[in-house]
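The values are calculated or read from the model by the stated rules, or taken from the named source; none is laboratory data. A quick note: this is a predicted structure, and the numbers were derived from the prediction, not measured. Using ideal geometry, Cβ is built from the backbone for each residue, glycine included, and neighbour counts are taken over all protein chains shown.
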Amino acid sequence: MRHFNCQAKPKLTRRDAQVLWLVERGRSNEEIAARLYMSPHTANWHVDRLLLHFRECYPRERIRGRLDIVRLALLERGRVREPVRGG
């Protein structure tokens with residue numbers, strides 16, 4: 001069983017955590033921008049930072065986009081369990 005607990009530095013900023021919360025709820029960059037009073041470009045920059053953060057935390061995982069960020073964030077919090085593979 002793998003443990004999902006990121007020890008990577010630097011940790012997420014408060015703003016990154018806010019963006020992650022909205023990404024987990026399926027919000028687009030435009031929706032994130034409106035909610036957090038930033039431009040869509042800045043929202044995209046924060047999502048890119050999240051991708052880099054989770055890739056650094058979990059180098060063996062294939063992290064391609066938002067869905068992978070959400071999956072790993074939920075696994076870290078213990079809100080979902082990793083599926084059993086194989087038999």
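Taking the condition of being in contact with a helix residue (DSSP H, G or I) (Cβ under 9 Å, 6 or more places away or on another chain), closer than 16 Å to S28 by Cα and of a type outside the set (A, V, I, L, M, F, W, C), how many residues in the stretch 41-63 meet it?
Total satisfying the criteria: 5.
For the list (1) out of contact with any Leu (no Cβ under 9 Å at 6 or more places or on another chain); (2) more than 23 Å from C6 (Cα to Cα); (3) buried (at least 16 other Cβ atoms within 10 Å of the Cβ), I need the number of the one condition that I32 fails.
All conditions pass for I32, except number (1).
Give me the pairs, please: first residue somewhere in the stretch 53-64 and over 14 Å from D16 (Cβ atoms), second residue anywhere and surrounded by fewer than 16 Cβ atoms within 10 Å (Cβ to Cβ) and among the small types (G, A, S), beta-carbon distance under 9 Å, and either six or more positions apart or on two chains.
Y58/A8
Name the residue that is modelled with the lowest pLDDT, counting only residues in the stretch 45-68 that are under 15 Å from R15 (Cβ atoms) and surrounded by 16 or more Cβ atoms within 10 Å (Cβ to Cβ).
If we take residues in the stretch 45-68 being under 15 Å from R15 (Cβ atoms) and surrounded by 16 or more Cβ atoms within 10 Å (Cβ to Cβ), then H53 is modelled with the lowest pLDDT.
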